[in-house]
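The values are calculated or read from the model by the stated rules, or taken from the named source; none is laboratory data. Only a predicted model underlies this, so the values are computations on that prediction, with no experimental measurement involved. When we count neighbours, we look across all protein chains shown, and the Cβ atoms used for this are built from the backbone with ideal geometry, even at glycine.
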Amino acid sequence: MQTLILDSSQISAHEECPTIWANRGLIAIDRNAPSGSVIGEAMAMGTLGHKYLEIYYTKLCETKGDSEAAARAALAFDPDAADEIDPQYPLDPGNKAKVNQRFCDYLLNYPAANDYIPAFKPRYAVQVRDGVLVDAQVRDPLIEKGFSYKLFESSEYLFVLEGRIDFMGETKDGTTLWMDHKFQLREHLLYNKAIQFRNYALATGLNLAVINYIRLHDKIGPKTFVRQPLSFSSLEMRYWKEELTEIFVRIAKECARGEFPQNRNSCGGAWGRPCQFTPLCEEYNLATREAVRKRDFAMRKEWRPW
């Protein structure tokens, strides 16, 4: 049986160009980002913003709505100390302060009393009470939770969709939903039915979702904080599951053959940025290609949703 485990970014990369997917997913390389590049800064700022929200919503759930305690817990996070253990926030002090301030602005814009309510699963744990170990039921917040969704299984294939969802909860009227945070340096509306969002709806079985845009421009305006609702019908999800299974089959067959066709239409890249792997694809001398790979590319750190 051939097993294939993919997340949304890998699937999107394959649909853009199978060669991109092979380089990033199988060979596991990425081009070395120039120090201080806009792309690198934007990603690091988004990562830091996600961390503040993760701590805040987790604490908000654990304390059953104590917004002050949740805010204090998030603002106590020190990215510099965290970087000493696992570097994730390669930002100058000014940009770290900007993300911190925008998180504070976010709390004012979405006070807990009017915000979505974080969901949780009951979990049994052992706690110490008055010096005695006791069994207790605690809240396991559904914040930054990884998932593995069995898409398809037969005697020939096992296909698993993986991912991590930023937030699962409900509205004040009790409607369940998932939410995905998107930090942006400039306004850019994402396609409502992007692969990532379709996959989250498929894996959760929830028909309602929200894209939580948080923009990092200097002045706060009407578009700084935007929550864009999404909806997915049951029929839409059924068709998507069939289409996604077909994509997995194509990838599985390419892996079996060891051949990954190049989509030359993607070589120019998007937003004026050429594909990072174009220098490798256009170099037919194997020795030169290997030299370019060693000079300009580095092994990717493995990402798993768990």
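Condition test on Asp105, is it exposed (fewer than 15 other Cβ atoms within 10 Å of the Cβ) and under 18 Å from Asn212 (Cβ atoms)?
Spelling it out, Asp105 is indeed exposed (fewer than 15 other Cβ atoms within 10 Å of the Cβ) and under 18 Å from Asn212 (Cβ atoms).
Give the residues of the stretch 183-232 that are of a type in the set (Phe, Trp, Tyr), over 17 Å from Arg164 (Cβ atoms) and in a strand (DSSP E or B), sorted by residue number.
Scanning the stretch 183-232 gives Tyr213, Phe225.
Could you give every pair whose Cβ atoms fall below 9 Å, whose first residue belongs to the stretch 244-267 and is exposed (fewer than 12 other Cβ atoms within 10 Å of the Cβ), and whose second residue is not hydroxyl-bearing (Ser, Thr, Tyr), counting only separations of at least 6 or pairs across chains?
Filtered contacts from the stretch 244-267: Ala256/Gln2; Glu259/Pro18; Pro261/Cys17; Pro261/Pro18; Pro261/Glu254; Asn265/Cys17.
Residues of the stretch 1-20 being modelled with pLDDT under 85 and within 19 Å of Phe152 (Cβ to Cβ), which ones?
Hit for the stretch 1-20 is Met1, nothing else.
Hey, any hits in the stretch 190-210 for a residue that's closer than 27 Å to Tyr52 by Cα, loosely packed, with under 14 Cβ neighbours inside 10 Å, under 17 Å from the mean Cα position of the chain (by Cα) and aromatic (Phe, Trp, Tyr)?
Yes, the stretch 190-210 has at least one match.
All but one of (1) closer than 19 Å to Leu216 by Cβ; (2) crowded, with 18+ Cβ neighbours inside 10 Å hold for Ala70; which doesn't?
(1)
Taking the options Asp140, Asp115, Asp105, name whichever one is under 21 Å from Thr224 (Cα atoms), charged (D, E, K, R) and touching a Phe, Trp or Tyr at 6+ places or on another chain (Cβ under 8 Å).
Selected residue: Asp105, the only one of Asp140, Asp115, Asp105 that is under 21 Å from Thr224 (Cα atoms), charged (D, E, K, R) and touching a Phe, Trp or Tyr at 6+ places or on another chain (Cβ under 8 Å).
Quick check on Glu283: is it farther than 30 Å from Gly146 by Cα, charged (D, E, K, R), assigned to a loop (DSSP other than H, G, I, E, B) and modelled with pLDDT of 70 or more?
It is true that Glu283 is farther than 30 Å from Gly146 by Cα, charged (D, E, K, R), assigned to a loop (DSSP other than H, G, I, E, B) and modelled with pLDDT of 70 or more.
Any idea how many residues of the stretch 130-159 are in contact with a helix residue (DSSP H, G or I) (Cβ under 6 Å, 6 or more places away or on another chain) and among the acidic types (Asp, Glu)?
The qualifying residues number 1.
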